[in-house]
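Novice: Before anything else, here's the structure in question.
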Amino acid sequence: MNGGSAAPNRTDPGDGGLSVSRRGALAAAAGLTVSTSGCIRQVRDILMPDNIHQLSLTITTLPTDSDRESIRLSRELADVFEAVGIDVSFDIRSPVDFRRTVLYDHEFDICIVEHPGGTDPDFLYEALHSVYTDESGWQNPFGYTNLTVDDSLETQRQLEGEKRREAVTDVLEAVAIEQPFVPICIPDQHRAVRTDRFDWDERALATPQGYLDLDPTPDVSTLRVTHTDSRPTTNLNPLAVDYRGQGPFVDLLYDSLATETADGEIEPWFARSWEWDAGTIDVRLRTDCPFHDGEPMTAEDVAFTYRFLADMHPDDAETSAPAPRYRGLVEAVDSVDVVHRDRLELRIDAGRPVGERALLVPILPAHIWRERASDANGPGGATIAQGTTEAVVTDNIEPIGSGPFQFVSRTEGDGLTLERFDGHFTLRSGVALPAPSVDELTVSIDPPGSAVQRVIDDTADVTASPLETNVVGSVDQSGSTRVLESPSWSFYCLGFNARDAPFSNPRFRRVIAQLIDKEWLVDEVFRGYARPIATPVTEEWVPESLEWNGTDPETPFLGTDGEVDEDAVEAAFESAGFRYDEQGRLRVRQ
Amino acid sequence: MLAEVLTQVALVIGILLPVSVLVFIGRERLVRTRAEWRDRLRTNAPVIAVLLVVLLINRVARQTAPKLSREIGIHLTATFYNVEGEFILLFKSVETPELTAYFASVYVFGYTFLLIFPVIAYFMLSDTRIFRRLLTAYALNYAIGLVLYILIIAYGPRNVMPAELTERMLYDTNPQYQYLTREVNTNTNVFPSLHTSLSATVAAFASMTRSAYPKWFPIAVVLGASVALSTMYLGIHWGIDVAAGLVLAATCVVLSDKLVDRWSLSDLFGDRLERLSDRLPWLHREE
Amino acid sequence: MNWSPSSPDDGVSRRSFLAAGAAAGAVTASGCIDSVRNVVEQAGDNQMTLSITTLPADADRQNVQIARRLEANLEAVGIDVALDMRSPSELLKTVLIDQEFDLYVGRHPADYDPDFLYDALHSTFANERGWQNPFGFANMYFDTLLEEQRRVDGEQRKQRLGSVLHGLAQEKPFEPICFPDEHRIARTDGFEGWDEGTLGSRHGYLGLEGDGQLHALATDSRMTRNLNPLSATARERETMIDLLYDSLLSERNGELVPWLAESVEWSATPSETASGDDTNGEKDDANADERGDERRTVSITLREDCRFHDGEPLTASDVAFTYRFLEDTSLGRAPESPAPRYRGQVEMVESVEIEDDRRLTITLRGETPAGQRALTVPILPKHVWQELIDQRAASGEFSAPQGRWVAVTGDHIPPVGSGPYRYESHTEDEQLVLERYDDHFTLREDVDLGEPVAAGLRFTIEPGSAAAVRRVSDGSGDLTASILDAYAIGGIPDSSDITELTATHRSFYHIGFNVRNAPLSNPHFRRAITQLIDKETIVDEVFYDYATPTATPVADDWVPSSLEWSGEDPVTPFVGSNGRLNVEAAKSAFETAGFRYDDNGRLLGGY
């Protein structure tokens, strides 16, 4: 709980009292009263019998430097919330801190965030299944629990074709009713590129493969990437949730059995081919592929990866410690059998569409990661099961993968240099896959405002981070600079911490959802470079009942043009069982 | 781009400094200083060393402080925002492109000049105490500032109100400057405003040395005030940060008076210093 | 959170960082902080702590035993448990009004009709204080079913309720444990005509034949301190209010008989629109269609010339006032403040129209069964309660926080009702004396509902069940009015002067969860906890078999066959056998639910 913000407070009797005293003791012992507001509030709750206050909520979000749209959305929403009698404060955190607060510590009321989403609606399994409420990572940060939704989520994993579509529709409709998070819009992804040096594939740029097969003009050997997010320069660990944003770099360093195209197709990559047979995937690997350190990459490494991601503590039989990323994908894998060096069988507990997605996890070299199974601060220290292993906390520099590029150097906060990995299988003759086409890939970290300018100035070839919406329209495209639009599936959403009241009440969440004028926000904040959504999946999966029709079909905005109709909201809150006081403040126990 | 910006700054300062040395200091003092610089350097050496150490720590801390800060810092962005709200948007009413350009250049060039010139100017004074006080005040500013930066995590207004500030946000109009500032600061270091505190410190010293440098005083005050205003105008600091900066400046000026000459190094290490100076023949070359 | 409650070792390490952090020189040490933080700062690295709110054995011997068994099993699976002992009214205040609890063990009054589940579970009540939804349970699917069961009758209703019960067995906002048998003893020499089934209601004290004052022994002293019909904390069961107040209909052995109403005529009227329905939350189209077809209206004629105990006449306007007052005890002067009782019943009533002093028409929001239940609330004298509010309002600032203002928390002694007995005197914690109300309609020639005892009733407080049994067998009491604790039942002497009255009642022991907050907001977690409860053994060892274990909060015909008790809970059977917990299996249930253990076998997830 951070100072100066009204983060969620627990008010259970024994429990609350206990934690206050303990916290108080700790703070006193340290001689500093950090986190003051949280403490004081709780103490007051106990001393004063009438602890019904104005609803006061904290919006956790990112600063302008990291995500201009998030903070703007937050402030627009804060205005609306204030108008309907809710007290709002902000908790603005750096990207790393934000992820730790929201995804690890679950210490937030509501957050505004760009959710990575997915081409396949199965990402909702990870995002909403109730067994994940206590885990750290993108798996159910909202703490949403609904057994009916769990059922539908499980069912859709087992099915294919039309039946799966029906099951997915069930999920989406239930989610739309309960609103564990409010999807706001899918922003367009625009990138500025130089066309005089490379040939770009507009669609592929949504995936790491956009940086392969670029057809450079003859004298060009370096791909100069500009990126606004400095996290890849401090940490290149594929398992570190807090450092992984949308950059393609870690994916360029690691191979997976298959890759996903921008259209959501699963295509062979390190796997030469595979056969699906009633819940078993028989995978044949490419032969003689080395890791960047020269060690051979074999079926053993693949098997190790799946086992390791499922349980990073293989020695400890009692507790399992799943990796905080790729959780939903790995969950589908029941067991892995190595047939021989280049062949293995995955037994899958899911239907084909979901089962094959399990092939998308990065393959970790067993000889390096095996040692990282130990507890991060050694035996005897404070340990908890998930997320404590060295594997999660290491910055993984320098990374040893097997991907088309290998790590050369980095300067923290400034840049990163990768070079072509000559041993990569895509460079072999006879392999018709996108291959690294430049000798060197340099990433320089630039402030969002100047990224475009660098492309225009010919000191960079591509902005790996999508452009901020306020610059998209004004890019000077007279020279060799072009703005490309790639398909996108990540979406902005308002996430609730549904663990605690009042956010645990779906009626409350629905009214909040109705305070968001998505159409207007898209115009105002995203300058139209986004499309409002009622359901968080790609267009082909949107059921008819949830298609955007100028307004949200399930939770339409209570007002017009961003102006909220206060009386209507008051009525909506009251019919949801909440009360206003005479001063028009929404009162609630927190 | 950093190189570009640094060159720019070096160029501007390189032109401004000699000119102002001539205008404000005058030939006479230059000549005298030429004769006495070794002596003065010897008296001032400890305080120069202290400042250098503080700057070095600052430099190192730039890498590590954010992490430490994340551990023990208090998040105060929301508090500042709640307290002063959209106060700094007041400047919206006077916003013009010219004013934006003025404040942007004051923020980058004016500030740098404001910091460097007094160092030279006060070195030229035969009374070395004011020079030592200035450097002590600088060191205090940086040291206290660093501690506060570690303890308080807050984002500036530009990170909270991007839409309202777009037209005059320094990094929107002149994104290249961000390369410079990120070399010396992270975006959570806004409380207090060191720009303000150092400028105010310089202005305070300028007022104390009115008699020696009468022409410098008004310039320092105007420039100092402009720097303080620019931090708010450009959306970098909250009003609270600026107020804290002024308090910090006052503290540092007062403390510098109390601290300087309190301990004489020669008293403490008298003998050793003698021997040290013996071993450094260039200090005695002319004697 | 930087300063979450945390285990001592990481507290030390962070404190040392702090100490170091004060000096700029320590900055270099911070290189390793990043990775350390990752480890120790994660949510849920503390042992899970839960509190169980329960009653002391003096007040209810079974309650605390259930709590202690649960405590032992929770501790066995690595959860830190604190028992929170409270007196009966304190417990109800903690749970119903303050809602500051994790788990509690209690006895739910239930009702003769399963419609009480509407009050107990509808999500629009999740934010209210009182008997309505103390768990904070909010599930839109349940809401729909609960609303629908009110609008249908017969087989359809049974089917909807079946779905509710199935859902309940999965989601577990509370866990019913057993229906205790109601044991009382009465002397047969003083009075005759004991009816074991109705001693919990007014009918048990009517139609008794005998001379002199009926001397009843009660274990619960709250009746001597508070007789406010609106109080949520003064009682679980309504017996005393039943005696002092009248309602339109009265329930007798599961049947409703006209009481204050002389005649009740039911009719269906097509309603024009579904509008005006603003208390029922969601109004999606499907619901509106179903709901809009038909409205039940009830034409009621009150008995002639009924008066309150203070002599004022009881008219149709008192009835109308009662429903309006229960819906908003501030009567519109402050933010709406519904009474902490009768919430579901009152919500069933859409409007009350007064025809004349004796006749009124009530429009209901659904079908007969739930509608009849709405007519069982006590009728309050308008002149008394209106004055109370006016007085408050006259004193200037008027606020009426739900469940917390004087109309609801006042002791309301002496009470002004219109019931068959009238308050005579009381001595706090000792006794309460009621006299016969001579003007009551049950004494009229043409009314055959049983007459009140001529010399009145005297309730004496005797906290111990065994002592109460002894006093009745000694002849210093006619009846044990409260239900005897199970341990005392075996000690009932075999005597011809004493008759043992046994009934199975619908009130049930249960464990309630505060589902508002994590981790109890997670149904998997609640299910894992309910598997630690061995109801069969509890019934056997705590209740000495004088109870019926149950998987559902309703009994008899309403229970779907798949939820019938079959020697174990059909949905969440006890993990273990013969009362011994299989710790490994129980722990793995928590792990399957997504929770984790540390090396010392402590369940993690404390925030």
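The values are calculated or read from the model by the stated rules, or taken from the named source; none is laboratory data. Because the structure is predicted, anything quoted here is derived from the model rather than measured. Neighbour counts are summed over all protein chains in view; Cβ atoms, including those assigned to glycine, are modelled from backbone coordinates with ideal geometry.
Novice: Any idea how many residues of the range B:75-91 are more than 20 Å from A:Ile71 (Cα to Cα) and either touching a residue at least 60 places away in the same chain (Cβ under 8 Å) or within 12 Å of chain A (Cβ to nearest Cβ) (or both)? Steps first, please.
Specialist: Of all residues in the range B:75-91, those more than 20 Å from A:Ile71 (Cα to Cα) come to B:90-91.
Those left that are additionally either touching a residue at least 60 places away in the same chain (Cβ under 8 Å) or within 12 Å of chain A (Cβ to nearest Cβ) (or both): B:91.
Residues that pass the stated criteria total 1.
Novice: Does A:Arg343 fit the bill of being closer than 30 Å to A:Tyr104 by Cβ and surrounded by fewer than 21 Cβ atoms within 10 Å (Cβ to Cβ)? Please lay out each step first, then the result.
Specialist: On the way: closer than 30 Å to A:Tyr104 by Cβ: no; surrounded by fewer than 21 Cβ atoms within 10 Å (Cβ to Cβ): yes.
No; evaluated as a whole, the condition is false for this residue.
Novice: Only residues that are among the acidic types (Asp, Glu), part of a helix (DSSP H, G or I) and over 13 Å from B:Pro157 (Cβ atoms): list them for the range B:71-103, please. Quick ask: steps written out before the conclusion?
Specialist: Kept after step one, since they are among the acidic types (Asp, Glu), are these residues of the range B:71-103: B:71, B:84, B:86, B:95, B:98.
Narrowing the set further to residues that are part of a helix (DSSP H, G or I) leaves B:71, B:84, B:98.
Listed by number, the residues that qualify are B:Glu71, B:Glu98.
Novice: Here is a list: C:Glu445, C:Glu424. Which entry is charged (D, E, K, R), in a loop (DSSP other than H, G, I, E, B) and over 17 Å from C:Gly210 (Cα atoms)? Walk me through it before giving the result.
Specialist: On the way: C:Glu424 fails: in a loop (DSSP other than H, G, I, E, B).
Exactly one of C:Glu445, C:Glu424 is charged (D, E, K, R), in a loop (DSSP other than H, G, I, E, B) and over 17 Å from C:Gly210 (Cα atoms), namely C:Glu445.
Novice: OK, next. Suppose we filter the range A:539-575 for residues that are in a loop (DSSP other than H, G, I, E, B), in contact with a Pro (Cβ under 8 Å, 6 or more places away or on another chain) and not aromatic (Phe, Trp, Tyr); how many remain? Outline the logic, then answer.
Specialist: Initial filter on the range A:539-575 (in a loop (DSSP other than H, G, I, E, B)): A:542-543, A:547-558, A:561-562, A:565.
Of the ones still in play, those that are also in contact with a Pro (Cβ under 8 Å, 6 or more places away or on another chain) are A:547-548, A:552.
Checking the rest, the ones that are also not aromatic (Phe, Trp, Tyr) come to A:547, A:552.
Counting residues in the range A:539-575 that are in a loop (DSSP other than H, G, I, E, B), in contact with a Pro (Cβ under 8 Å, 6 or more places away or on another chain) and not aromatic (Phe, Trp, Tyr) gives 2.
Novice: Follow-up question, since we're still on this one. When you go through (1) in a loop (DSSP other than H, G, I, E, B); (2) modelled with pLDDT of 90 or more one by one for A:Glu82, which number turns out not to apply?
Specialist: With respect to (1) in a loop (DSSP other than H, G, I, E, B); (2) modelled with pLDDT of 90 or more, A:Glu82 is out only on (1).
Novice: Also: Considering each residue of the range A:97-129, count those that are under 15 Å from A:Cys493 (Cα atoms) and within 13 Å of chain C (Cβ to nearest Cβ), and give that number.
Specialist: Residues of the range A:97-129 that are under 15 Å from A:Cys493 (Cα atoms), as a first pass: A:98-99, A:102-103, A:108-118, A:123-124, A:127-128.
Checking the rest, the ones that are also within 13 Å of chain C (Cβ to nearest Cβ) come to A:99, A:102-103, A:108-109, A:128.
So the answer is 6.
Condition check ((1) outside the structural domain of A:Ala350 (by TED's automatic domain parsing); (2) under 16 Å from A:Pro466 (Cβ atoms); (3) surrounded by fewer than 22 Cβ atoms within 10 Å (Cβ to Cβ); (4) not hydrophobic (A, V, I, L, M, F, W, C)) across all residues:
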| position | (1), (2), (3), (4) |
| --- | --- |
| A:Gln209 | yes, no, no, yes |
| A:Asp215 | yes, no, yes, yes |
| A:Ser221 | yes, no, yes, yes |
| A:Gln246 | yes, yes, yes, yes |
| A:Val250 | yes, no, no, no |
| A:Gly264 | no, no, yes, yes |
| A:Trp269 | no, no, no, no |
| A:Arg272 | no, no, yes, yes |
| A:Glu275 | no, no, yes, yes |
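Novice: Of the numbered conditions (1) more than 21 Å from A:Pro404 (Cα to Cα); (2) buried (at least 18 other Cβ atoms within 10 Å of the Cβ), A:Thr280 satisfies every one except a single condition; which is it?
Specialist: (2)
Novice: Consider the range C:221-237. How many of its residues are surrounded by fewer than 22 Cβ atoms within 10 Å (Cβ to Cβ), assigned to a loop (DSSP other than H, G, I, E, B) and not polar (S, T, N, Q)?
Specialist: 3
Novice: Would a scan of the range A:61-80 turn up a residue that is in contact (Cβ under 8 Å) with a residue 60 or more places away in the chain, among the hydrophobic types (A, V, I, L, M, F, W, C) and within 14 Å of chain B (Cβ to nearest Cβ)? Give the steps one after another, and end with the answer.
Specialist: Narrowing the range A:61-80 to residues in contact (Cβ under 8 Å) with a residue 60 or more places away in the chain: A:65-66, A:68-70, A:72-73, A:76-77, A:80.
Checking which are among the hydrophobic types (A, V, I, L, M, F, W, C) leaves us with A:73, A:77, A:80.
Okay, now just the ones that are also within 14 Å of chain B (Cβ to nearest Cβ), so A:73, A:77.
Checked against the condition, which is being in contact (Cβ under 8 Å) with a residue 60 or more places away in the chain, among the hydrophobic types (A, V, I, L, M, F, W, C) and within 14 Å of chain B (Cβ to nearest Cβ), the range A:61-80 yields at least one hit.
To keep it simple, each residue is scored yes or no on (1) part of a helix (DSSP H, G or I); (2) modelled with pLDDT of 90 or more; (3) more than 7 Å from every other protein chain (Cβ to nearest Cβ); (4) crowded, with 21+ Cβ neighbours inside 10 Å.
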{"residue": "C:Cys32", "(1), (2), (3), (4)": "yes, no, yes, no"}
{"residue": "C:Asn38", "(1), (2), (3), (4)": "yes, no, no, yes"}
{"residue": "C:Ala43", "(1), (2), (3), (4)": "no, no, no, yes"}
{"residue": "C:Pro56", "(1), (2), (3), (4)": "no, no, yes, no"}
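Novice: Kindly indicate the residue of the range A:566-590 that is more than 33 Å from the chain's Cα centre (by Cα), in contact (Cβ under 8 Å) with a residue 40 or more places away in the chain and facing chain C (nearest Cβ under 7 Å) and also nearest to C:Ile97 (Cα to Cα) among those meeting that condition.
Specialist: Out of the qualifying residues, it is A:Gly577.
Novice: Kindly indicate whether C:Ala488 is farther than 28 Å from C:Arg160 by Cβ, within 14 Å of another protein chain (Cβ to nearest Cβ) and of a type in the set (A, V, I, L, M).
Specialist: Numbers: farther than 28 Å from C:Arg160 by Cβ: yes; within 14 Å of another protein chain (Cβ to nearest Cβ): no; of a type in the set (A, V, I, L, M): yes.
Here the answer is no, as C:Ala488 does not meet what is asked.
Novice: Also, I was wondering about something else. Just to be sure, is C:Leu117 under 19 Å from the mean Cα position of the chain (by Cα) and assigned to a helix (DSSP H, G or I)? Give the derivation first.
Specialist: Working: under 19 Å from the mean Cα position of the chain (by Cα): yes; assigned to a helix (DSSP H, G or I): yes.
When the stated conditions are applied, C:Leu117 passes them.
Here is a yes/no grid of residues against (1) in the same structural domain as C:Val81 (by TED's automatic domain parsing); (2) touching a strand residue (DSSP E or B) at 6+ places or on another chain (Cβ under 6 Å):
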position: C:Ser496; (1), (2): no, no
position: C:Thr499; (1), (2): no, yes
position: C:Pro519; (1), (2): yes, yes
position: C:Asn522; (1), (2): yes, no
position: C:Gln531; (1), (2): yes, no
position: C:Asp534; (1), (2): yes, no
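Novice: OK, next. Quick one: what pairs do we get from the range C:71-99, first residue within 22 Å of A:Ala501 (Cα to Cα), second buried (at least 21 other Cβ atoms within 10 Å of the Cβ) and basic (Lys, Arg), C-beta under 6 Å, 6+ apart or different chains?
Specialist: That search, which allows pairs on different chains as well, returns C:Ile97/C:Arg129.
Novice: Given the criterion more than 14 Å from every other protein chain (Cβ to nearest Cβ) and touching a residue at least 40 places away in the same chain (Cβ under 8 Å), identify the matching residue among C:Gly576, C:Gly594, C:Gly601. Step through it out loud before you land on a result.
Specialist: On the way: C:Gly594 fails: more than 14 Å from every other protein chain (Cβ to nearest Cβ); C:Gly601 fails: more than 14 Å from every other protein chain (Cβ to nearest Cβ).
Result of the check over C:Gly576, C:Gly594, C:Gly601: C:Gly576.
Listed here are the residues, each with its yes/no results for (1) surrounded by fewer than 21 Cβ atoms within 10 Å (Cβ to Cβ); (2) part of a helix (DSSP H, G or I); (3) of a type in the set (Asp, Glu).
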| residue | (1), (2), (3) |
| --- | --- |
| C:Asp310 | yes, no, yes |
| C:Thr322 | no, yes, no |
| C:Phe325 | no, yes, no |
| C:Thr329 | no, no, no |
| C:Arg333 | yes, no, no |
| C:Pro340 | no, no, no |
| C:Glu347 | no, yes, yes |
| C:Gly366 | no, no, no |
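Novice: Further question: Can you tell me which of A:Phe304, A:Phe291 is among the aromatic types (Phe, Trp, Tyr), closer than 26 Å to C:Gly594 by Cβ, more than 21 Å from the chain's Cα centre (by Cα) and not assigned by TED's automatic domain parsing to the domain that holds A:Thr417? First the steps, then the outcome.
Specialist: Values: A:Phe291 fails: closer than 26 Å to C:Gly594 by Cβ.
After ruling out the rest, the residue left standing is A:Phe304.
Novice: If I filter the range A:306-331 down to residues being surrounded by fewer than 22 Cβ atoms within 10 Å (Cβ to Cβ) and of a type in the set (Gly, Ala, Ser), which single residue comes out as modelled with the lowest pLDDT?
Specialist: A:Ala317
Novice: Residues that are under 24 Å from the mean Cα position of the chain (by Cα), in a strand (DSSP E or B), under 27 Å from A:Glu267 (Cβ atoms) and in contact (Cβ under 8 Å) with a residue 12 or more places away in the chain: does the range A:312-323 have at least one? Please lay out each step first, then the result.
Specialist: Start the filter on the range A:312-323 by keeping residues that are under 24 Å from the mean Cα position of the chain (by Cα), which leaves A:312, A:320-323.
Adding the requirement that they be in a strand (DSSP E or B) leaves none.
No - not one qualifying residue is present in the range A:312-323.
Novice: The conditions are (1) at pLDDT 85 or above; (2) within 14 Å of chain C (Cβ to nearest Cβ), and B:Pro46 fails exactly one of them. Which is it?
Specialist: Unmet condition: (2).
Novice: Out of everything in the range A:86-126 that is among the aliphatic types (A, V, I, L, M) and either in contact (Cβ under 8 Å) with a residue 40 or more places away in the chain or on the phi > 0 side of the Ramachandran plot (or both), what residue ends up being surrounded by the fewest Cβ atoms within 10 Å (Cβ to Cβ)? It would help to see each step written out before you state the result.
Specialist: From the range A:86-126, those among the aliphatic types (A, V, I, L, M) are A:86, A:88, A:92, A:96, A:102-103, A:110, A:112-113, A:124; that's our starting set.
Narrowing further to those that are either in contact (Cβ under 8 Å) with a residue 40 or more places away in the chain or on the phi > 0 side of the Ramachandran plot (or both): A:86, A:96, A:102-103, A:110, A:112-113, A:124.
On the way: A:Ile86: 20, A:Val96: 22, A:Val102: 24, A:Leu103: 22, A:Ile110: 26, A:Ile112: 26, A:Val113: 26, A:Leu124: 24.
If we take residues in the range A:86-126 being among the aliphatic types (A, V, I, L, M) and either in contact (Cβ under 8 Å) with a residue 40 or more places away in the chain or on the phi > 0 side of the Ramachandran plot (or both), then A:Ile86 is surrounded by the fewest Cβ atoms within 10 Å (Cβ to Cβ).
Novice: Quick one: in the range A:455-471, of everything that is more than 25 Å from the chain's Cα centre (by Cα) and crowded, with 23+ Cβ neighbours inside 10 Å, which residue is farthest from A:Pro232 (Cα to Cα)?
Specialist: First, pick out the residues of the range A:455-471 that are more than 25 Å from the chain's Cα centre (by Cα): A:455-461.
From the residues that got through so far, the ones that are crowded, with 23+ Cβ neighbours inside 10 Å too are A:455, A:460-461.
Working: A:Val455: 20, A:Ala460: 18, A:Asp461: 18 Å.
Only one residue tops the list, namely A:Val455.
Novice: What residue, of C:Ala593, C:Ala547, C:Ala585, C:Ala503, is buried (at least 22 other Cβ atoms within 10 Å of the Cβ) and small (Gly, Ala, Ser)?
Specialist: Numbers: C:Ala593 fails: buried (at least 22 other Cβ atoms within 10 Å of the Cβ); C:Ala585 fails: buried (at least 22 other Cβ atoms within 10 Å of the Cβ); C:Ala503 fails: buried (at least 22 other Cβ atoms within 10 Å of the Cβ).
None of the other options fit; the residue is C:Ala547.
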